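The values are calculated or read from the model by the stated rules, or taken from the named source; none is laboratory data. All values reported here derive from a predicted model rather than from experimental measurement. Note: ideal-geometry Cβ built from the backbone for every residue, glycine included; neighbour counts use all protein chains shown. We work out accessible area using only protein heavy atoms, side chains counted, and drop any ligands, DNA or RNA first. Shrake-Rupley method; radii C 1.70, N 1.55, O 1.52, S 1.80 Å.
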Amino acid sequence: AQANIGVVGLAAMGASLARNLAHKGNTVAVYNRHYSRTETLIDKHGDEGKFVPAKTLEEFVASLTKPRTAIIMVKAGEPTDDMINALADLMEPGDIIVDCGNAYYKDTMRREKAIRARGLHFVGCGVSGGEEGALKGPSMMPGGTKESWKTLGPILESISAKAEGEPCVTHIGSDGAGHFVKMVHNGIEYSDMQLIAESYDLMRRGLGMEPAEIGDLFEEWNKTELNSYLIEITAEVLHHVDKKTGKPFIDVVLDHAGMKGTGTWTVQTALSLGVPVTGIAEAVFARGLSSQTELRAEAAKQGLEGPSEVVPMPLEERQAFINDIREALYASKIVAYAQGFNEISEAAKEYGWDIDLAAVARIWRGGCIIRAQFLNRISEAFESGEANVSLLFAPYFKDAVETVQRSWRRVISRAISFGIPMPVFSSSLAYYDGLRSKRLPAALIQGQRDLFGAHTYQRVDEPGVFHTLWTEEGQEEIKQS
Ligand code: NDP
């Protein structure tokens, strides 16, 4: 035995991760179901570091030093389950199986329990950054036991991205905590992307700007508090010209947004935890609507009416409006993060995970898709305890939103008058307004529920549970407990 770590599954992600591990001085055992992928890796990249290619899983396990540590990077779902079981059959107590695929956190919890019962460690580890991240340094979110982190931690720290010199990896919490945090990361990513897309739409359709011109603006915005990977790549996409037609690339791409499921999981989980992640939900629904091809074709045929003309704005007003959009984007983005972190903290209570939210914000500063300058501020807000209840209550973010909220309201009302949908901008503001409302119309809903279903209500001036006898004359109120 000579390899201190192994990788199973050598498609795009696994091969990149194995190379990254080898670049950092690890001796990496590599195995793939079909040996051809292993051969390709060794032929093309064998000279980049120390690899131990294995033809069989038995050979692979035998080449690992104890405690044996194997990273699985195969197709999510059943193939991952099969591989975990096959490895567990060959390993011994104390060995560590790490699943770096995009697993659903409840699957990870189930797998961890089963593998722990066999005396082995199972670590579900979220990985963000795509193929390039896996090769050059991803953001990594491992769960599992603290004991497994002792072996795994230094290895993951060596291959992860670095932000201001700090590794973008931390032990998130037990069993499924790592995959849970990765899931919410993706949910925030959905929100962030949709917010940028809505800003683009408003400038394109509302102000009649050209893609390259909007790309220039995003480049400028990337020098402000919005500085982030997603803003940076947006500018690149908007500047890109289609080789075939010479048209802006954005105009030749079909407007049906795809998804693989992590956004949906984030929203489904939030619904079951009772946490309103309205921005993420609207972002998922916006992708859904974009892909309802037949419905949209029929809507076009029906010619649903709306404002058809955008009134041109004088130059000065237009500049001010563009500035409003930037500020509104920032405020909405803060809400997206506030909601995402809220979901993580509620899940931590539900599942007994001890998650350090400041550390989560820190490891998202590099390597991952949502990496952004303002995550420094977010981590500070959690570190000081100011954001413990909500990110929106931390003075830095409270001030930021208060300062720009007029712009936020102007942008949304204008978009409504133009007939341009801004689902995440609008729902984020509605969340903020709902949160700050001293009284919500929920009182009326309680009245309705009590009238039609005797669901009872509570009073503002007296403890207890009440029901009104709505159908009786006098509509007497009775105290039930
Ligand atoms: P794929 O998801 O396409 O999976 C292909 C790999 O799985 C191949 O090595 C294949 O082996 C292996 N495989 C498939 N079925 C089986 C099986 N029944 N038994 C054994 N091996 C099997 O590869 P990716 O590299 O794109 O992704 C790997 C994992 O990483 C996935 O879980 C995916 O969700 C996740 N991922 C994460 C990303 C991120 O940014 N974090 C991005 C992309 C993916 P063979 O060559 O023999 O067919």
Under the condition of being in a helix (DSSP H, G or I) and more than 18 Å from Phe180 (Cα to Cα), which residue from region 131-147 is most open to solvent (accessible area, probe 1.4 Å)? Lys136
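Of the residues Ser290, Ser308, which single one is under 30 Å from Ala103 (Cβ atoms) and small (Gly, Ala, Ser)?
Details: Ser308 fails: under 30 Å from Ala103 (Cβ atoms).
None of the other options fit; the residue is Ser290.
Residues to consider are Gly173, Gly124, Gly165; find the one that is without any contact (Cβ under 8 Å) to a residue 24 or more places away in the chain and either closer than 14 Å to Gly366 by Cβ or within 19 Å of the chain's Cα centre (by Cα) (or both).
It is Gly165.
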Name the residue that is nearest to Gly25 (Cα to Cα), counting only residues in region 148-180 that are in contact with a Phe, Trp or Tyr (Cβ under 9 Å, 6 or more places away or on another chain) and in a helix (DSSP H, G or I). Leu156
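Of the residues Ile155, Ile172, only one is within 16 Å of the ligand (Cβ to nearest atom), of a type outside the set (Gly, Ala, Ser) and touching a strand residue (DSSP E or B) at 6+ places or on another chain (Cβ under 8 Å); which?
None of the others qualify; the one that does is Ile172.
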Cβ pairs under 7 Å, 6+ apart, first in region 4-17 and of a type in the set (A, V, I, L, M, F, W, C), second within 6 Å of the ligand (Cβ to nearest atom) and part of a helix (DSSP H, G or I): Val7/Gly14; Val8/Met83; Leu10/Arg37; Ala11/Arg37
Kindly evaluate Asn4 against the criterion of being more than 31 Å from the chain's Cα centre (by Cα) and more than 9 Å from the ligand (Cβ to nearest atom). yes
Checking Ser413, Ser417, Ser407, Ser345 in turn, the sole residue that is under 18 Å from the mean Cα position of the chain (by Cα) and part of a helix (DSSP H, G or I) turns out to be Ser345
For Ser379: the one exception among (1) under 25 Å from Pro167 (Cα atoms); (2) not in a helix (DSSP H, G or I): (2)
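Can you say whether Lys75 is open to solvent by 20 Å² or more (accessible area, probe 1.4 Å) and closer than 18 Å to Met13 by Cα, as far as the supplied structure shows?
Criteria met by Lys75.
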Hits in region 226-248 (condition: in contact (Cβ under 8 Å) with a residue 24 or more places away in the chain and surrounded by 16 or more Cβ atoms within 10 Å (Cβ to Cβ)): Leu226, Ser228, Tyr229, Leu230, Ile231, Thr234, Leu238, His239, Pro248
Return yes or no: is Gly208 open to solvent by less than 10 Å² (accessible area, probe 1.4 Å) and of a type outside the set (S, T, N, Q)? no
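Residues are listed down the side, and each one gets a yes or a no for (1) within 16 Å of the ligand (Cβ to nearest atom); (2) touching a Lys or Arg at 6+ places or on another chain (Cβ under 7 Å); (3) over 22 Å from Ala76 (Cα atoms):
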| position | (1), (2), (3) |
| --- | --- |
| Arg116 | no, no, no |
| Cys125 | yes, no, no |
| Lys136 | yes, no, yes |
| Ser160 | yes, no, no |
| Gly176 | yes, yes, no |
| Glu189 | yes, no, no |
| Asp192 | yes, yes, yes |
When you scan region 192-252 for helices (runs of 4 or more DSSP H) that lie fully inside it, which ones turn up with 1 or more residues that are in contact with a His (Cβ under 7 Å, 6 or more places away or on another chain)? 211-221, 249-252
Taking interchain pairs and intrachain pairs at least six residues apart, which have beta carbon atoms under 6 angstrom, with the first residue in region 394-407 and within 11 Å of Ala381 (Cβ to Cβ) and free of Cβ contacts under 8 Å to residues at least 24 places away in the same chain and the second outside any helix (DSSP H, G or I) and not acidic (Asp, Glu)? Ala394/Ala387
Select from region 350-370 the residues that are assigned to a helix (DSSP H, G or I) and farther than 16 Å from Ala387 by Cα and write down the one among them that is least open to solvent (accessible area, probe 1.4 Å). Ile363
Those residues of region 1-10 which are crowded, with 16+ Cβ neighbours inside 10 Å and in a loop (DSSP other than H, G, I, E, B) amount to Asn4, Gly9, Leu10
Starting from residues that are under 23 Å from the mean Cα position of the chain (by Cα) and either among the aromatic types (Phe, Trp, Tyr) or crowded, with 23+ Cβ neighbours inside 10 Å (or both), keep the ones in region 87-110 and report whichever is nearest to the ligand (Cβ to nearest atom). Gly101
Looking only at helices (runs of 4 or more DSSP H) that fall completely inside region 11-86, which ones have 3 or more residues that are within 11 Å of the ligand (Cβ to nearest atom) and at pLDDT 95 or above? 12-23, 35-45
Out of everything in region 1-10 that is aliphatic (A, V, I, L, M) and farther than 16 Å from Val127 by Cβ, what residue ends up being modelled with the lowest pLDDT? Ala1
Out of the residues in region 426-481 meeting the condition of being farther than 30 Å from Ala331 by Cβ, of a type outside the set (Asp, Glu) and in a helix (DSSP H, G or I), tell me which one is most open to solvent (accessible area, probe 1.4 Å). Phe452
